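See structure below.
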Amino acid sequence: MDGRERLARLTLARADRVGPVAFRQLIGRFGSGVAALDALPQLARRGGAAAYALPDPRRVEAELAAGERLGARLLFHGESDWPPLLAAVDPPPPLLWVRGSVEILSRPSLAIVGARVASAAGQRIARGLAQQLGQAGHVVVSGLARGIDGAAHQGALATGTVAVLAGGVDDIYPPEHADLYARILEQGAVVSESPVGARATAKDFPRRNRIISGLSRGVIVVEAEMRSGSLITARLAAEQGRDVFAVPGSPLDPRARGCNDLIRNGAILCEGVDDVTRAFETLRSLSEPPPTADWPIDAGDIAPDVIERIAALLSPTPVSRDELARAAGVPAGQLAAALLELSLAGRADLLPGDQVCSA
């Protein structure tokens with residue numbers, strides 16, 4: 001991939017209303033980032049947008065320069081160094097910024113996540129699990145947050161750990177983890193989908209959690225209240241076909257309720273590393289799952305009345321593409337092309353799992 005194509009793909013990934021689904025479909029339809037970027041404004045207009053502005057080239061070039069100054073590497077989905085487990089996520093993120101070891105992202109990995117306001121006992125469990133998993137040959141993935149995340153990274157420093165950030169790869173949060181961040185760079189990697197220099201916002205954390213689970217064969221939850229980001233990570237892991245483990249706790253501690261509920265609903269009880277290795281011996285291997293198949297896209301022009309007919313069928317309730325194709329009475333290729341144009345116009349949201357809803 002030459003410099004022009006890499007710049008085009010980064011621009012495409014930063015373009016308005018181009019999420020992971022649209023990015024993958026644009027590359028699949030046009031064959032390159034350069035061609036997809038050229039077609040973007042026209043596609044948005046066909047979908048009903050009055051105008052469509054591409055990202056300022058100076059901003060995209062500044063991001064590349066900032067990454068180079070950090071010594072970070074920009075990986076795109078489809079490159080040979082792209083993590084194989086993350087390639088199987090539906091849809092995969094278009095890109096990753098990586099500081100530290102790129103090779104570690106392809107090693108067998110397990111995630112450990114949990115409460116930010118964690119108990120001393122919970123942090124001890126997370127640290128011990130991470131150390132034992134590392135000695136058993138697993139890389140430990142987490143989110144660099146306070147509490148369980150930080151303890152997991154600390155336990156795995158000697159054997160390798162990956163921190164996934166919601167902000168850019170240079171957004172060290174919380175600030176007191178600056179020393180831990182520096183040690184992770186020496187012993188593993190820091191990765192992010194966000195632009196270099198970006199500060200994390202609320203909308204960035206679900207994307208970060210999706211990458212944490214996507215990089216991992218399984219996710220271990222250590223302390224989580226009933227409404228927590230850790231349970232979101234566990235849900236995403238289950239949707240991605242990963243194994244979900246939970247450390248049980250006292251019913252008197254609110255921080256144990258989320259884990260106990262996960263076990264009640266089918267998560268694997270985890271009291272130590274033996275529970276993890278035993279599960280992997282008896283459950284199906286997830287070393288390199290096959291990527292999901294893309295919907296074919298009709299490369300021809302779709303009639304405006306077909307686009308409007310499909311738009312009229314959309315609602316805030318997600319619906320499968322199969323169901324939408326039947327209701328609209330159009331072939332799959334035409335539906336995919338129309339939905340792509342509607343999404344670029346801000347009239348449809350393309351969701352994981354072949355789901356779509358109105359924007």
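The values are calculated or read from the model by the stated rules, or taken from the named source; none is laboratory data. All values reported here derive from a predicted model rather than from experimental measurement. For neighbour counting, all protein chains shown are included, and Cβ atoms are generated from backbone atoms with ideal geometry for every residue, glycine included.
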* Single match in ARG99, ARG146, ARG127 (criterion: at pLDDT 95 or above, surrounded by fewer than 19 Cβ atoms within 10 Å (Cβ to Cβ) and either touching a Cys at 6+ places or on another chain (Cβ under 8 Å) or of a type outside the set (Phe, Trp, Tyr) (or both)) -> ARG146
* Asked: Can you name every residue in segment 278-307 that is at pLDDT 75 or above and surrounded by 15 or more Cβ atoms within 10 Å (Cβ to Cβ)?
  -> ALA279, PHE280, ILE302, VAL306, ILE307
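For (1) within 23 Å of ARG347 (Cα to Cα); (2) in a helix (DSSP H, G or I); (3) modelled with pLDDT of 95 or more, each residue gets a yes or a no:
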residue: MET1; (1), (2), (3): no, no, no
residue: ALA8; (1), (2), (3): no, yes, yes
residue: ARG29; (1), (2), (3): yes, yes, no
residue: TYR52; (1), (2), (3): yes, no, no
residue: GLU63; (1), (2), (3): no, yes, yes
* Structure fact -> Going through (1) under 20 Å from VAL191 (Cα atoms); (2) within 23 Å of the chain's Cα centre (by Cα) one by one, GLY33 fails only at (1)
* To do: Answer with yes or no whether ALA348 is surrounded by fewer than 16 Cβ atoms within 10 Å (Cβ to Cβ) and not charged (D, E, K, R).
  => no
* Using beta carbons and a limit of 8 Å, which pairs, at least six apart or on different chains, have the first residue in segment 236-254 and without any contact (Cβ under 8 Å) to a residue 40 or more places away in the chain and assigned to a helix (DSSP H, G or I) and the second one surrounded by 14 or more Cβ atoms within 10 Å (Cβ to Cβ) and hydrophobic (A, V, I, L, M, F, W, C)? -> ALA238/VAL244
* Identify all residues within segment 144-166 that are within 19 Å of ARG255 (Cβ to Cβ), among the β-branched types (Val, Ile, Thr) and touching a His at 6+ places or on another chain (Cβ under 8 Å); write none if there are none. => none
* Asked: Any residue in segment 168-185 that is in contact (Cβ under 8 Å) with a residue 24 or more places away in the chain, buried (at least 20 other Cβ atoms within 10 Å of the Cβ), assigned to a strand (DSSP E or B) and touching a strand residue (DSSP E or B) at 6+ places or on another chain (Cβ under 8 Å)?
  -> no
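This table checks each residue for (1) of a type outside the set (A, V, I, L, M, F, W, C); (2) out of contact with any Asp or Glu (no Cβ under 6 Å at 6 or more places or on another chain); (3) surrounded by fewer than 23 Cβ atoms within 10 Å (Cβ to Cβ).
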| residue | (1), (2), (3) |
| --- | --- |
| ARG59 | yes, yes, yes |
| GLY67 | yes, yes, yes |
| PHE76 | no, yes, yes |
| PRO83 | yes, yes, no |
| ASP90 | yes, yes, yes |
| ARG107 | yes, yes, yes |
| ILE112 | no, yes, no |
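Quick grid of which residues meet (1) under 29 Å from THR11 (Cα atoms); (2) under 14 Å from the mean Cα position of the chain (by Cα):
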site: ARG183; (1), (2): no, no
site: GLY188; (1), (2): yes, no
site: SER194; (1), (2): yes, yes
site: ALA224; (1), (2): no, no
site: ALA234; (1), (2): no, yes
site: PRO248; (1), (2): no, no
* To do: Restrict the check to segment 88-101 and report whether at least one residue is assigned to a helix (DSSP H, G or I) and either touching a residue at least 24 places away in the same chain (Cβ under 8 Å) or on the phi < 0 side of the Ramachandran plot (or both).
  => no
